[in-house]
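Undergrad: Handing you this structure, nothing more for now.
The values are calculated or read from the model by the stated rules, or taken from the named source; none is laboratory data. Here the structure is a predicted model, which means the values were calculated and not measured. Neighbour counts run over all protein chains shown; Cβ positions are idealised from the backbone, glycine included.
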Amino acid sequence: MNKFEFIKQYQNLINPKYHGISLRISHLLDNYKQIGGKLKIISINDNKYKINLVKNTDGELIDLNLLSIDGTLQCGVILIHKDNPDIAIIQDIHAYDTCYESTIENTSIGRMIMKIMIKICKIMKIKKIELSDSSHLYCNKYSIDLKILYTMTHGYPWYYQFGFRYENESDHNIVLSNKKILYGKKVKEFNYNVFIDDEYIKIAKKYNDVLISLFIDKLSKEDCLKFQKYYLEIYTNLGLKQITNKSMCLFL
């Protein structure tokens, strides 16, 4: 098994300490030989972004590291096998505000970093991007599964907004089904008991005519520590199905 295949096999091994990258992959990346890197300017939607891109190699495997402008933080990794240059794996996305510079103010740093990573893949003439959806939001020492939260607030997992899809068709159908359950629905169309907590139930009764997606967003932002205790049960109680497979892809 070559190193690229090894990383693909273990890309679903998650360790919260490394914010989604497995210990095995982290060890591999830490031992690559750096062969270059410099500040570059790329354009996205007519806006220009300054990035710090470092190219590493280890025999048959190439990885492109998106670093913070000062080079002290890792913002993302793109892995490419020399013998299969049409496919790339995106790993280890971090939303630091120093990952790029632009005259355009972006309120969603993570979203912009993902767009930058996709743009880099297009420049490299990649035809297919693969990733493992291990996205999380952190609230103190706790984490919230972003694909679960984003499904409740937007109708689909976070990476879907960039054109990614689950490789398994049955998983993609679950996404479509979940979106249909929530689309256009208001709080009053669900049994209040789905919210479990007495305080949440009282609040829900005051927000009868609010879209369920907006109400969930409100709960998550007002007290994330409390929300993380209940959000998985709320997700299930709303009639939404979970997806255990994390493999996603995007064809460019």
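Undergrad: Find the residue count for region 176-193, including only residues that are more than 25 Å from the chain's Cα centre (by Cα), in contact (Cβ under 8 Å) with a residue 40 or more places away in the chain and not in a loop (DSSP other than H, G, I, E, B).
TA: 1
Undergrad: Let me ask something else. When only residues in region 135-151 that are touching a helix residue (DSSP H, G or I) at 6+ places or on another chain (Cβ under 6 Å) and without any contact (Cβ under 8 Å) to a residue 40 or more places away in the chain count, which is farthest from Asn178 (Cα to Cα)?
TA: Filtering region 135-151 for residues that are touching a helix residue (DSSP H, G or I) at 6+ places or on another chain (Cβ under 6 Å) and without any contact (Cβ under 8 Å) to a residue 40 or more places away in the chain, the one farthest from Asn178 (Cα to Cα) comes out as Leu146.
Residue-wise test of (1) of a type outside the set (A, V, I, L, M); (2) in a loop (DSSP other than H, G, I, E, B).
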position: Lys205; (1), (2): yes, no
position: Asp209; (1), (2): yes, yes
position: Ser213; (1), (2): yes, no
position: Tyr230; (1), (2): yes, no
position: Tyr235; (1), (2): yes, no
position: Leu240; (1), (2): no, yes
position: Thr244; (1), (2): yes, yes
position: Leu250; (1), (2): no, no
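Undergrad: Can you tell me which residue within region 155-175, out of those that are surrounded by fewer than 16 Cβ atoms within 10 Å (Cβ to Cβ) and not in a helix (DSSP H, G or I), is farthest from the chain's Cα centre (by Cα)?
TA: The extreme case among them is Asn168.
Undergrad: Write out, first by first residue and then by second, each pair whose Cβ atoms fall under 8 Å of each other, whose residues are 6+ apart or on separate chains, and whose first residue, in region 152-173, is on the phi > 0 side of the Ramachandran plot while the second is crowded, with 21+ Cβ neighbours inside 10 Å.
TA: Final answer for the pair search is Gly155/Asn178; Gly155/Leu182.
Undergrad: Here's something else I'd like to know. Could you say which residue among Met152, Met114 is at pLDDT 95 or above, crowded, with 21+ Cβ neighbours inside 10 Å and in a helix (DSSP H, G or I)?
TA: Only one candidate qualifies: Met152.
Undergrad: Of these, Leu211, Leu232, Leu240, Leu250, which one is closer than 20 Å to Leu137 by Cβ, buried (at least 16 other Cβ atoms within 10 Å of the Cβ) and either touching a helix residue (DSSP H, G or I) at 6+ places or on another chain (Cβ under 6 Å) or modelled with pLDDT of 95 or more (or both)?
TA: Selected residue: Leu240, the only one of Leu211, Leu232, Leu240, Leu250 that is closer than 20 Å to Leu137 by Cβ, buried (at least 16 other Cβ atoms within 10 Å of the Cβ) and either touching a helix residue (DSSP H, G or I) at 6+ places or on another chain (Cβ under 6 Å) or modelled with pLDDT of 95 or more (or both).
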